[in-house]
Amino acid sequence: ALTTAFAQTGIVQEETVVFGEHTLRGRNLDLVGEANDFRPGDRYIFRSELTDAQDAVAGHLFVDCSVQFAKKDSCSQIYEIPARGTVTAEGLIPVSQLKLGGTWVLAITGGTGEFENVGGSVTVVIVDDRGNSEHSLHLLP
């Protein structure tokens with residue numbers, strides 16, 4: 001078969017990867033109302049460092065969120081993991097969860113490299129009052 005001539009891409013079994021996340025740089029785009037009041041239509045983006053269990057840098061996270069109605073933010077997140085590829089996740093984040101201990105789940109919508117065929121979900125938990133969080137990527141082939 002022709003397919004045997006190509007190297008395998010994508011994950012072949014379920015895998016969970018856990019990263020610590022610390023924001024390095026961010027920017028707010030305020031379209032409505034006062035600066036930093038986060039009303040529907042406003043947008044915020046940021047770049048974070050991802051760390052592994054030994055606190056070594058394991059990659060970066062790029063986040064783009066739009067403030068929606070019903071006190072929810074619509075976010076797209078790209079996990080850049082060197083030597084493996086990228087994982088993209090999207091979903092709604094309840095504004096009520098943007099606090100210490102806040103938790104939300106996003107759908108993994110795709111990836112590149114080793115993650116070309118990936119699905120699954122990401123669970124995010126805010127772990128301290130400086131906005132650092134833990135990201136558990138539950139990867140499914």
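The values are calculated or read from the model by the stated rules, or taken from the named source; none is laboratory data. Here the structure is a predicted model, which is why all the values come from computation and not from measurement. Neighbour counts are summed over all protein chains in view; Cβ atoms, including those assigned to glycine, are modelled from backbone coordinates with ideal geometry. Keep in mind that these areas ignore ligands, DNA and RNA; they rest on the heavy atoms of the full protein, side chains included. Shrake-Rupley method; radii C 1.70, N 1.55, O 1.52, S 1.80 Å.
Just to be sure I understand the model, the point goes 7 Å from the Cα along the line to the Cβ. What's the resulting residue 15 to residue 92 distance in nm?
It is 3.2 nm.
May I ask you to order 111-119, 38-46 by the average number of other C-beta atoms within 10 Å around their residues, highest value first?
Packing proxy ranking, top to bottom: 111-119, 38-46.
Run the numbers for residue 105 and residue 54: contour at 0.36 nm per residue of separation, minus the present Cα-Cα distance, in nm.
15.9 nm
Residues in segment 63-101 near a label at residue 116, defined as backbone nitrogen under 13 Å from the 7 Å Cα→Cβ point?
85-86
At a 1.4 Å probe radius, carbon and sulfur cover how many percent of the accessible area of segment 45-103?
58
Net charge within 13 Å of residue 52 by Cβ-Cβ distance, Lys/Arg positive one each and Asp/Glu negative one each, not counting residue 52 itself?
Net charge around residue 52: -3.
Based on the Cβ-Cβ distance of residue 129 and residue 37, what FRET efficiency does E = 1/(1 + (r/R0)^6) give at R0 = 25 Å, to the nearest 0.05?
E between residue 129 and residue 37, to the nearest 0.05, is 0.75.
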